[in-house]
Amino acid sequence: MWSDNDTRRDYLNFRCVADTAAELIVQANGAPLSMGVSGGWGVGKSSMLNLISDALTHRDGDEKPYLFVEFNAWLYQGYDDARAALMDQIAAALIERAADNSTALEKAKGLVKRVNWLRLAGLTAGSGVAIAFGLPPMGLIGTGAFAIRDMIDGTVTTSDVAGLEEAGKDAAAAGAGLVNPPERETPPAQIAALRAHFRETLEELDTTLVVLIDDLDRCLPSTAISTLEAVRLFLFLPRTAFIIAADDKMIRQAVRVHFKNVELDDDLVTNYFDKLVQVPLRVPPLGTQEVRAYLMLLHVEKAGLNPDETERVRVAVCDRLSASWQGKRVDREFMLELLPKCPDSLRQNLELADRLAPLLASAIKVAGNPRLIKRFLNTLWIRLAVARSQKVAVDEATLAKVLLFERCASQDAYLRLVTEVNNADGGQPGFLKAWESGARAGEDLGELDHDWDTPFVRDWLALDPPLADSDLRAVMYVSRETMPIITSADQMSTGALGLLEALLSLTSTNTALRDRLEALPGRDHHLMVDRLLVRARQEQEWGKPPVLFAILALIDAVPEVSKTFVRFLKDLDVARLTAPIVPLLGDKPWAREVLQAWEDADGTPAPVSAAIGRLQHRSS
């Protein structure tokens, strides 16, 4: 299995982008900088943040210290004010760095006090204004207001009085400096003081703060925008750099939602976004070369090679990718040159990656997304593990090709593939034969069936191995978490379905359906038994349930199915029996052992035992 966590190992030659970002921070020479690392979910934004951090840390000849703070706004959403949490995390990092510098430590502690004050002021709308005029926050006033309202209504209780007292204590505590604000300072003065403490702490430490903000595009619009505005309003000062990993499309949409009552055209949204993010960077999309390299390196990582050899291969692959514009390829031959003693299992995986890469790069439902590529490999690994545990022999390349189709083709197209395999006596999807032959020969296939006429399917048909003559039943068996195995033998005919409905509508013994039931094939008889048993297990009382008349009519037409129903009736909880069932079974030879079992059972209701006794007395 491959973990979906971010990594510090560069498998895609993203180091060049990370080095560029690091160079921009260095060249800013202490000026504040905000940088956006953009891309869709799963493309590697979090890993890019790690690479940028490493690039700054290991720059040759650069002695300027950096203080890194990693912040994930998504973790705080719904639990805390993301703005205050961001400033808390920065203040904590500054205090830790200032442990040996008393002046800086004092300033960093002052920063914490300012953050605490702002946190309290931000509890509810209007709280900052209230505190500015020496009043308690609106949230506390609100608590007391409810208690006062109850007093006026005449519904006051002892607990109401206690609640009012507590509200007064809270208000007094806030006014007395619970969070240690300097006396009588207004919110603007507090913000200015916070910025001053922040700037002075960085100057005293002679450090550049680099804040790595991740998963902002997972947040609600209000959280995303408030976090960005906190950066600009409170923290965007000399010696700071903010690197924000988020899909720029999501952030632009958050801007629109945030200003939902304001008419915003695209230019205004762009201008606002550019104010928040000065330097936009995108995670490069993966082409076939990068996808092939990524697949192969993932397999090398899991091959159990010496760590030094694994790292040597990784570096060589990234160097090769940097020259891919010259036509140099990362393919199976190149990898085998790097690994002259390549294990057979790894060699097979490299060959499979070589074939799959073009489709994983171009298929619209994967599109070279690293996260989706890992999911594909993990699903393949799980299915192979299931096959091993069930002692089912499957070919890995065949399983991978079918999995790719399952992932990227339409559901209807995959359903047809499964159905054809299940219905064929040998499990071969023979309908693919002409298409596969034409695709592999590079011929024009003309117009395919509706659900199959897509560029992906045409490329997939040419992929090794061909499937038309392969027994895919084992592959479908280990893939059944997506779609159940329903063979033609499990599908009741239309005539049988109609007769089953007629059976279940019976309210008395009836032989009118006998001839039509006898004419059905044996497969339909067994399927009808299964359906009737499902219905029978739902009955709570067994006197004259409608399903019993259906069972009797089916046994009358097809006596051989009686054995199944005999086992079911003998196993019934006798407490659910009532006397009317006994006469219905009394003249049925197959039911004698059922009645005897009920009579011998402990707990059989007395009326049922008496009815069986009378029946036996008459027969004797």
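The values are calculated or read from the model by the stated rules, or taken from the named source; none is laboratory data. Here the structure is a predicted model, which is why all the values come from computation and not from measurement. Neighbour counts run over all protein chains shown; Cβ positions are idealised from the backbone, glycine included.
Suppose we filter segment 414-429 for residues that are surrounded by 13 or more Cβ atoms within 10 Å (Cβ to Cβ), small (G, A, S) and in contact (Cβ under 8 Å) with a residue 24 or more places away in the chain; how many remain?
1
Being over 46 Å from the mean Cα position of the chain (by Cα) and assigned to a helix (DSSP H, G or I) is the filter here, so list the residues in segment 529-549 that pass it.
Across segment 529-549, the qualifying residues are L548, F549.
In segment 499-516, what residues are surrounded by fewer than 14 Cβ atoms within 10 Å (Cβ to Cβ) and among the aliphatic types (A, V, I, L, M)?
A512
Determine which member of the set D600, D571 is under 19 Å from R537 (Cα atoms), of a type outside the set (A, V, I, L, M, F, W, C) and in the same structural domain as Q538 (by TED's automatic domain parsing).
Numbers: D600 fails: under 19 Å from R537 (Cα atoms).
The conditions single out D571.
Being modelled with pLDDT of 85 or more, surrounded by fewer than 16 Cβ atoms within 10 Å (Cβ to Cβ) and of a type in the set (F, W, Y): is that true of W435 here?
No; evaluated as a whole, the condition is false for this residue.
Hey, among the residues in segment 446-481 that are farther than 24 Å from L350 by Cβ and among the aromatic types (F, W, Y), which one's surrounded by the fewest Cβ atoms within 10 Å (Cβ to Cβ)?
Y477
With the structure loaded, tell me whether I373 is outside any helix (DSSP H, G or I), of a type outside the set (G, A, S) and either under 15 Å from C408 (Cβ atoms) or touching a Phe, Trp or Tyr at 6+ places or on another chain (Cβ under 7 Å) (or both) or whether it fails that test.
Taking the combined requirement at face value, the residue does not satisfy it.
Between E539, E560, which is among the charged types (D, E, K, R), in the same structural domain as L506 (by TED's automatic domain parsing) and surrounded by fewer than 14 Cβ atoms within 10 Å (Cβ to Cβ)? Spell out the reasoning first.
On the way: E539 fails: surrounded by fewer than 14 Cβ atoms within 10 Å (Cβ to Cβ).
Unique residue meeting the criteria: E560.
Would you mention how many residues in segment 40-49 are buried (at least 21 other Cβ atoms within 10 Å of the Cβ) and touching a Lys or Arg at 6+ places or on another chain (Cβ under 6 Å)? Even if it seems obvious, please write down each step before you answer.
Residues of segment 40-49 buried (at least 21 other Cβ atoms within 10 Å of the Cβ): 43-45, 47-49.
Then keep just the ones that are touching a Lys or Arg at 6+ places or on another chain (Cβ under 6 Å); that gives none.
Looking only at that region, the number is 0.
Would segment 517-529 turn up any residue that is loosely packed, with under 12 Cβ neighbours inside 10 Å and free of Cβ contacts under 8 Å to residues at least 12 places away in the same chain?
Yes: one or more hits.
Could we say that T578 is closer than 10 Å to W542 by Cβ and hydroxyl-bearing (S, T, Y) here? Break it down into steps so the answer makes sense when it comes.
Details: closer than 10 Å to W542 by Cβ: yes; hydroxyl-bearing (S, T, Y): yes.
Yes.
Under 7 Å between Cβ atoms, which residue pairs at least 6 apart in sequence (or on different chains) link something in segment 52-71 that is at pLDDT 85 or above with a partner that is among the acidic types (D, E) and surrounded by fewer than 17 Cβ atoms within 10 Å (Cβ to Cβ)?
A55/D19
Quick one: would you say V300 is surrounded by 11 or more Cβ atoms within 10 Å (Cβ to Cβ), at pLDDT 90 or above, over 20 Å from C16 (Cα atoms) and not assigned by TED's automatic domain parsing to the domain that holds W381?
It is true that V300 is surrounded by 11 or more Cβ atoms within 10 Å (Cβ to Cβ), at pLDDT 90 or above, over 20 Å from C16 (Cα atoms) and not assigned by TED's automatic domain parsing to the domain that holds W381.
What do you reckon, is L268 modelled with pLDDT under 80, outside the structural domain of L372 (by TED's automatic domain parsing) and out of contact with any strand residue (DSSP E or B) (no Cβ under 9 Å at 6 or more places or on another chain)?
Details: modelled with pLDDT under 80: yes; outside the structural domain of L372 (by TED's automatic domain parsing): yes; out of contact with any strand residue (DSSP E or B) (no Cβ under 9 Å at 6 or more places or on another chain): yes.
For L268, the condition - modelled with pLDDT under 80, outside the structural domain of L372 (by TED's automatic domain parsing) and out of contact with any strand residue (DSSP E or B) (no Cβ under 9 Å at 6 or more places or on another chain) - is met.
Restricting to segment 432-463, name every residue that is within 20 Å of K365 (Cβ to Cβ) and of a type outside the set (A, V, I, L, M).
Matches in segment 432-463: D449, H450, D451, W452, D453, T454, P455, F456, R458, D459, W460.
Considering only segment 250-258, I want to know if a residue exists there that is farther than 27 Å from V17 by Cβ and either of a type in the set (F, W, Y) or under 26 Å from the mean Cα position of the chain (by Cα) (or both).
Scanning segment 250-258, I find at least one residue that is farther than 27 Å from V17 by Cβ and either of a type in the set (F, W, Y) or under 26 Å from the mean Cα position of the chain (by Cα) (or both), so the answer is yes.
Any chance segment 343-364 includes a residue that's hydrophobic (A, V, I, L, M, F, W, C), at pLDDT 90 or above, surrounded by 16 or more Cβ atoms within 10 Å (Cβ to Cβ) and under 20 Å from V402 (Cα atoms)?
Here is the first cut: in segment 343-364, the residues hydrophobic (A, V, I, L, M, F, W, C) are 346, 350, 352-353, 356-357, 359-361, 363-364.
After this cut, where a residue has to be at pLDDT 90 or above as well, the list is 346, 350.
If we keep only those that are surrounded by 16 or more Cβ atoms within 10 Å (Cβ to Cβ) as well, we get 346, 350.
Still in the list and also under 20 Å from V402 (Cα atoms): 350.
For segment 343-364, residues hydrophobic (A, V, I, L, M, F, W, C), at pLDDT 90 or above, surrounded by 16 or more Cβ atoms within 10 Å (Cβ to Cβ) and under 20 Å from V402 (Cα atoms): present.
Under 8 Å between Cβ atoms, at least 6 apart or on separate chains: pull out the pairs that start in segment 539-551 with a residue that is free of Cβ contacts under 8 Å to residues at least 12 places away in the same chain and end on any residue that is among the acidic types (D, E).
P545/E539
Considering only segment 227-246, I want to know if a residue exists there that is surrounded by fewer than 16 Cβ atoms within 10 Å (Cβ to Cβ) and free of Cβ contacts under 8 Å to residues at least 40 places away in the same chain.
No - not one qualifying residue is present in segment 227-246.
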